[in-house]
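Have a look at the structure below, then the notes.
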Amino acid sequence: ERPGERRPSIGSVRAVDPRQRVRFVEPGQPVPGLRTQSGRPILSESLLVEFPPTQSGAVETWFLTIGAYAGPGEYGDTVADEEPLEVPPEGGSFEVFDPEAYDSPWAGEYLVRLRGPRNESFRHEYALVEGLSTEVEIDGPSALTRLPQAGGLSPTTVKLLAGDKPFSRRVKATVGPDQKYVTTVVETDAGDALPVVVHPPRLRYQLTLRGEEPMWRTEAVRTSSSWLDQDTKFRVRPGSPLDQPLERPSLVIRDRHGAPVRTLKLETEDNITWSAELAAAASSLAVLSQGSFELEFIDSVARRRVSVRLANIVPAPTWNVSYADGSLVFDTGADADAPDLGCWSAWVWPVTAPWQPARTINIGATGEPVELPAELQDAGPLAVQLFAPDRFSFLRPPSGPGERAQTVEAEGYFGRGEDTPWSHLSAFLVGQAEQAPSDPEILPTLWDVQAGWLQKRAQVPPALSQRVREALTHDARASVHAMGRSLVATADRPAQFIASGLVHSSFDVTQEELMSPAEQKRDEIGTPWIHALDILGAIARLDEDDAEQLPSIKALKKQLAATAGEGAVKTLEMGHDRSLENSCIDATTVQIAHMNEDQQKAVLAMFFGDAGLVPGAISDENSRLIAVFDTFTHRVALSELLGDPTLMTTAVAVLRRIKSANRQLYLSARVRFERLDGVDTDDPQNRWALAPVISMVFALATRMHAHGHLPTLGKLPQAYEGWAKMAQLVPDLVTGDVVLADAMVLGVFGPNLKD
């Protein structure tokens, strides 16, 4: 360190060199099927502590303390007094729990602490029953794991065996068919007692249904073949020891008579999870009205073939649900042969509060009222979805109702009677309030909700979706900055910006607001394209013909250049984006897409190697070219997306509106299309080349509308979903187009001056 040099901030931070850290080593594997009540695995051998070579190069004294574990980070009663450890210069390994210290075995959950000569401190939590082993007897088809049967799981007996040092009594735990686990106690003659949770291995599988998240189940599920999500994998985890894996496992699909109609071989990479693609059995499932799914394998211990039913395939139940006096009433309608709904449970979501999780209710006998939780009574419309319960697994409800859900009409809204921003928002979403609440705390949650909707994770009523968009666009600038406080990933923000409707909203902000310390800090950690739209919104409020406002305009342009590049400033001044001529897809690029992969790599390597492209600000030539060329990388997905004619027909209609509003912007919108001269865009393999064209047309139309130069958007909002998907694939292209389209509109029409 030289005099006068600024010391880095890390200079004042004390840290332990990773090479000098003490390591706690847990020997061997935990005893299978056992854990403490806090969930910690139990080991049968002493914890080891490894010391690196001492820093002093001499013998060092460390101090070891063993205490009872009393909770996370909590130190209970001292079990062993502080003991000095003499660590030689070369380091070494020591047993924490001395097997010669007591005649009785160590048995407990401990917190181990080590203190060094320089006040270093290390701690480790450890559960130990010295010499413990188990003997498991499973009374079922398989000796490897508990399997689902008619009455529950295979009954199991687990004996906890002592080593050389006996327990005070023999420990034997019996786990019944209706039990997932039992609790017993290991006691020693020294008075130590450790409660032990005995959970023998059990089979778990994953059979994903439409409208549900992938979930691990144990009991056989009752479902319809039409409910199966055939785009997913069937997965199974038998729970058997790694040294005793399943042999030749397969999933057998049988018809109502028990005859196999399709057998899927299960594959594994780790001997823990086996899987098979359900799509391989799509043709068989399409005609399967009744039947079963069975897992078949060879038990490596009993040396016999085992078959266990995991799913009963039945016709999809016919059911209706109604709301009355705080309860739901389920019935099967006019179908007299319909099975009773008592074997099902239901998830219930409040439609007026899409940020709320589902509540789970048990249906019981068909026709009997099922009382709802108090918060769902008179809480407005409810979405109800049936699911098959599982006594041995926790089934997490999806974030929103799926396609199998039914909506029950009811009066009120969620949180009625409360005076909170959330209750006011619920009232707005159901139409009982005219204006969305202005509390900024609700906006990040609304972004999280819409992010789930954009991923198609829930079925959303159109009216509710429209209300959420109105709430998000009520204060456009506050809303777009609230996205940064939400759980929406940075790469997904352009898509959310479009789907919410903010893309055609104006950002009313003054220079003073932009220059405030809070805004400067937020923009430093924010997203450049959002900050650029903020700056352009501030410029739109200023008049260049007013001499008093020229310094402010100059300062804002300087800020715009720092955020989005000099190209954005030139576009603002000229009313035209000069990068459009060069950053585009042409016939040559499309020809490269038709080459084989090796030829493509050679041509592209030559092009990009000679070009020396380095990405910069949003409007830089290199950034624009890289963003446009990203469509080449995602051409397969873009071609599939543009297979929907809605995007192209909407773009043509919008282009006509732009032409009637301003010819200069119309010509800018056509630049990329004209560069596709000679390309057959009707060919499905070439559709992707239209993505930059559509992106700029939509960007110009929405920003013209935002500044009041395009009275209506026509059917463009109906194409926002497809445009948002495009933004998920090529976000840099879409955001760059939106920013530069905004600059072109302001450059052509001038500021938005108000009387």
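The values are calculated or read from the model by the stated rules, or taken from the named source; none is laboratory data. What you see is a predicted model, and the numbers here were worked out from it, not measured in a lab. Ideal geometry is used to build each Cβ from the backbone, glycine not excepted, and the neighbour counts take in all protein chains shown.
Considering only residues of segment 59-91 that are small (Gly, Ala, Ser) and on the phi < 0 side of the Ramachandran plot, which is modelled with the lowest pLDDT?
The first filter runs over segment 59-91 and keeps only residues small (Gly, Ala, Ser), leaving 67-68, 70-71, 73, 76, 80, 91.
Filter once more, keeping what is on the phi < 0 side of the Ramachandran plot: 67-68, 70, 76, 80.
Working: 67: 90, 68: 91, 70: 83, 76: 76, 80: 83.
Per the stated criteria, the residue is 76.
For every residue, the table says whether it meets (1) touching a residue at least 40 places away in the same chain (Cβ under 8 Å); (2) out of contact with any Asp or Glu (no Cβ under 6 Å at 6 or more places or on another chain); (3) assigned to a strand (DSSP E or B); (4) within 18 Å of residue 29 (Cα to Cα).
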position	(1), (2), (3), (4)
123	no, yes, yes, no
128	yes, yes, yes, yes
135	no, yes, yes, yes
142	yes, no, no, no
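In segment 160-225, counting only strands (runs of 3 or more DSSP E) that sit wholly within it, the ones holding 3 or more residues that are closer than 25 Å to residue 383 by Cβ and in contact with a strand residue (DSSP E or B) (Cβ under 9 Å, 6 or more places away or on another chain) span 221-223.
Candidates are the residues of segment 495-512 that are assigned to a helix (DSSP H, G or I) and at pLDDT 90 or above; the one that is nearest to residue 448 (Cα to Cα) is 496.
If you go through segment 622-667 and keep only what is of a type in the set (Asp, Glu) and either surrounded by 15 or more Cβ atoms within 10 Å (Cβ to Cβ) or in contact with a helix residue (DSSP H, G or I) (Cβ under 8 Å, 6 or more places away or on another chain) (or both), you end up with 630, 644. Does residue 717 qualify as being at pLDDT below 95, surrounded by fewer than 22 Cβ atoms within 10 Å (Cβ to Cβ) and not in a helix (DSSP H, G or I)? For residue 717, the condition - at pLDDT below 95, surrounded by fewer than 22 Cβ atoms within 10 Å (Cβ to Cβ) and not in a helix (DSSP H, G or I) - is not met.
Among the conditions (1) surrounded by fewer than 24 Cβ atoms within 10 Å (Cβ to Cβ); (2) closer than 23 Å to residue 675 by Cα, residue 738 misses just one, which is (1). For segment 234-245, the criterion of being in contact with a Ser or Thr (Cβ under 7 Å, 6 or more places away or on another chain), surrounded by fewer than 17 Cβ atoms within 10 Å (Cβ to Cβ) and not assigned by the TED database to the domain that holds residue 79 is met by at least one residue. Candidates in segment 424-451 are the residues that are among the small types (Gly, Ala, Ser) and crowded, with 19+ Cβ neighbours inside 10 Å; of these, the one that is farthest from residue 324 (Cα to Cα) is 451.
Being over 20 Å from residue 731 (Cα atoms) and not in a loop (DSSP other than H, G, I, E, B) is the requirement here; does residue 646 meet it?
On the way: over 20 Å from residue 731 (Cα atoms): yes; not in a loop (DSSP other than H, G, I, E, B): yes.
Against the criterion (over 20 Å from residue 731 (Cα atoms) and not in a loop (DSSP other than H, G, I, E, B)), residue 646 qualifies.
Number of residues in segment 571-589 that are in contact with a Ser or Thr (Cβ under 9 Å, 6 or more places away or on another chain), part of a helix (DSSP H, G or I) and of a type in the set (A, V, I, L, M, F, W, C): the value is 1.
State whether one or more residues within segment 676-687 are of a type in the set (A, V, I, L, M), within 16 Å of residue 584 (Cβ to Cβ) and in the same structural domain as residue 589 (by the TED database).
Yes, some residue in segment 676-687 is of a type in the set (A, V, I, L, M), within 16 Å of residue 584 (Cβ to Cβ) and in the same structural domain as residue 589 (by the TED database).
Just one of the numbered conditions (1) in a loop (DSSP other than H, G, I, E, B); (2) crowded, with 19+ Cβ neighbours inside 10 Å is not true of residue 680; which one? Among (1) in a loop (DSSP other than H, G, I, E, B); (2) crowded, with 19+ Cβ neighbours inside 10 Å, the lone unmet condition for residue 680 is (2).
Scan segment 281-297 residue by residue and report those that are in a helix (DSSP H, G or I) and surrounded by 14 or more Cβ atoms within 10 Å (Cβ to Cβ).
Kept after step one, since they are in a helix (DSSP H, G or I), are these residues of segment 281-297: 281-286.
Passing the criteria: 281, 284, 285.
Looking at residue 171, is it more than 30 Å from residue 456 (Cα to Cα), at pLDDT 95 or above, crowded, with 18+ Cβ neighbours inside 10 Å and in contact with a Ser or Thr (Cβ under 7 Å, 6 or more places away or on another chain)? Judged against the criteria, residue 171 is not a match.
Out of all the residues in segment 84-97, which are within 15 Å of residue 111 (Cα to Cα) and loosely packed, with under 14 Cβ neighbours inside 10 Å? Once the filter is applied, which keeps residues that are within 15 Å of residue 111 (Cα to Cα) and loosely packed, with under 14 Cβ neighbours inside 10 Å, segment 84-97 yields nothing. Scanning segment 339-370 for residues that are at pLDDT 90 or above, out of contact with any helix residue (DSSP H, G or I) (no Cβ under 8 Å at 6 or more places or on another chain) and within 18 Å of residue 402 (Cβ to Cβ) yields a total of 9.
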